[in-house]
Amino acid sequence: MDLFQEMDESSDDWLSLKPVQPLPSQCCGSGCTPCIFDIYQKELALWEEAKKRNDKNYLTNKETNKKDSNAAIIDSEMFTAFKLCSVERLTDDTCQYRFELPRGWTLGLTLGQHIVLRGTVNDMELQRAYTPISPVDMEDSFEVLIKCYPDGLMSQYVQSWKVNDSICWRGPFGGFPYEPNKYGQLLMLASGTGVAPMLPIMQHITGNEDDETFVTLVGCFRNFKSIYMKPLLQDLSLYWNIKTVYALSQEETIDNLPWSYQEKTHIGRIDCDVLRSVIDSCRRKPYVLICGSLTFNEDMVNYLKRLELQEDSCFIF
């Protein structure tokens with residue numbers, strides 16, 4: 001083998017190890033830190049340093065040292081596969097998915113944090129962010145609420161899942177810096193699957209006897225059938241400091257609802273007047289949590305401004 005052939009093979013070896021730049025579709029768009037593009041730049045810098053040293057073991061040693069120093073079950077930079085152990089259909093387009101953890105382990109999230117799902121459709125890699133609905137201290141498994149859309153690419157991937165499949169996640173990201181009794185009253189404005197980050201917070205409060213925070217949840221859904229997690233929300237509303245209210249945009253009349261929902265349901269979309277009424281019913285000045293579509297979030301912020309609620313009294317997931 002001559003010198004030029006050795007150089008060509010060496011160059012090919014290094015090119016095969018070079019990180020591949022992510023496609024725009026691989027970014028979930030949730031502002032994760034680190035983003036997949038941040039990870040790419042970090043891996044590229046590591047590759048360039050290894051190539052400069054002409055030492056391929058440099059890549060392996062760096063990765064091994066990182067794994068040894070990280071005892072968490074999930075990592076924000078590398079995807080981890082979790083076995084899907086059950087699927088429960090909640091509505092026509094939404095299911096509750098449970099994933100297995102090693103016995104005695106928790107996912108290790110704090111309140112309000114989300115994780116990122118990786119999927120592949122037609123050889124295209126996709127990533128989307130979801131907030132687990134299970135309590136942050138839940139052991140042996142975690143649960144995620146996912147709504148599927150007729151034309152959604154990630155929805156195609158999710159609908160292909162079967163129990164015992166291995167599904168890849170990374171995280172955690174974001175979060176709501178909650179402390180017991182820090183806020184006298186929380187007002188949660190959630191649209192559809194935007195209820196997901198609210199549930200662990202509510203369960204965290206009700207699970208702490210020393211936490212006397214009042215909570216009012218306003219859940220916005222199309223109709224009664226589309227309300228997610230009804231049994232859990234009903235159980236939570238039995239606590240002395242928890243109140244649930246619903247705004248059903250496509251329900252015709254409250255007369256069609258079970259009696260236990262009739263007094264706490266508004267027919268129609270939530271607007272400034274409805275929000276004013278809810279705030280007036282709060283026992284203390286509320287700190288507001290918002291989660292929904294971009295349009296929903298913008299509308300709620302605008303309503304709150306009209307009601308002269310300070311910007312520092314609001315958190316958007």
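The values are calculated or read from the model by the stated rules, or taken from the named source; none is laboratory data. Keep in mind the model is a prediction, meaning the values are calculated, not measured. Note that we place each Cβ from the backbone using ideal geometry, even for glycine, and neighbour counts take in every protein chain shown. Each accessible area value is taken on the protein alone, full model and side chains, heavy atoms only, with ligands, DNA and RNA left out. Shrake-Rupley method; radii C 1.70, N 1.55, O 1.52, S 1.80 Å.
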- prompt: Got a sec? Which of ILE267, ILE242, ILE290, ILE254 is at pLDDT below 95, at negative phi and among the aliphatic types (A, V, I, L, M)?
  reply: ILE254
- prompt: Right, LYS67: open to solvent by 60 Å² or more (accessible area, probe 1.4 Å) and either in a loop (DSSP other than H, G, I, E, B) or modelled with pLDDT of 95 or more (or both) or not?
  reply: no
field: Count - residues of the range 233-289 that are among the aliphatic types (A, V, I, L, M), in a loop (DSSP other than H, G, I, E, B) and surrounded by 14 or more Cβ atoms within 10 Å (Cβ to Cβ)
entry: 2
message: Take the conditions among the basic types (Lys, Arg) and in a strand (DSSP E or B) and apply them to ARG170. Does it pass?
response: yes
Inter-residue pairs, beta-carbon under 6 Å, first at positive phi and in the range 86-109, second open to solvent by 80 Å² or more (accessible area, probe 1.4 Å) and not aliphatic (A, V, I, L, M), 6+ apart: GLY104/GLU139
- prompt: Name the residues in the range 195-215 that are more than 21 Å from the chain's Cα centre (by Cα) and either closer than 15 Å to PHE315 by Cβ or among the aliphatic types (A, V, I, L, M) (or both), would you?
  reply: THR213
message: Can you go through TYR149, TYR183 and tell me which one is in a loop (DSSP other than H, G, I, E, B) and closer than 28 Å to ASN256 by Cα?
response: TYR149
query: Residue check: is ILE115 at pLDDT 95 or above, within 16 Å of the chain's Cα centre (by Cα) and either outside any loop (DSSP other than H, G, I, E, B) or closer than 30 Å to VAL288 by Cα (or both)?
result: yes
- request: Six or more apart or on different chains, Cβ under 6 Å: which pairs go from a residue in the range 178-192 that's more than 16 Å from LYS243 (Cα to Cα) to one that's part of a strand (DSSP E or B)? Could you list them?
  value: SER191/CYS220
- request: May I ask you to verify whether GLU125 is part of a strand (DSSP E or B) and acidic (Asp, Glu)?
  value: yes
message: Restricting to the range 261-300, name every residue that is small (Gly, Ala, Ser) and under 24 Å from THR213 (Cβ atoms).
response: SER277, SER281, GLY292
field: Selection within the range 130-146 - assigned to a loop (DSSP other than H, G, I, E, B) and in contact with a Cys (Cβ under 9 Å, 6 or more places away or on another chain)
entry: THR131
Residue count for the range 222-232, restricted to those that are assigned to a helix (DSSP H, G or I) and either farther than 19 Å from ILE254 by Cβ or open to solvent by 30 Å² or more (accessible area, probe 1.4 Å) (or both): 5
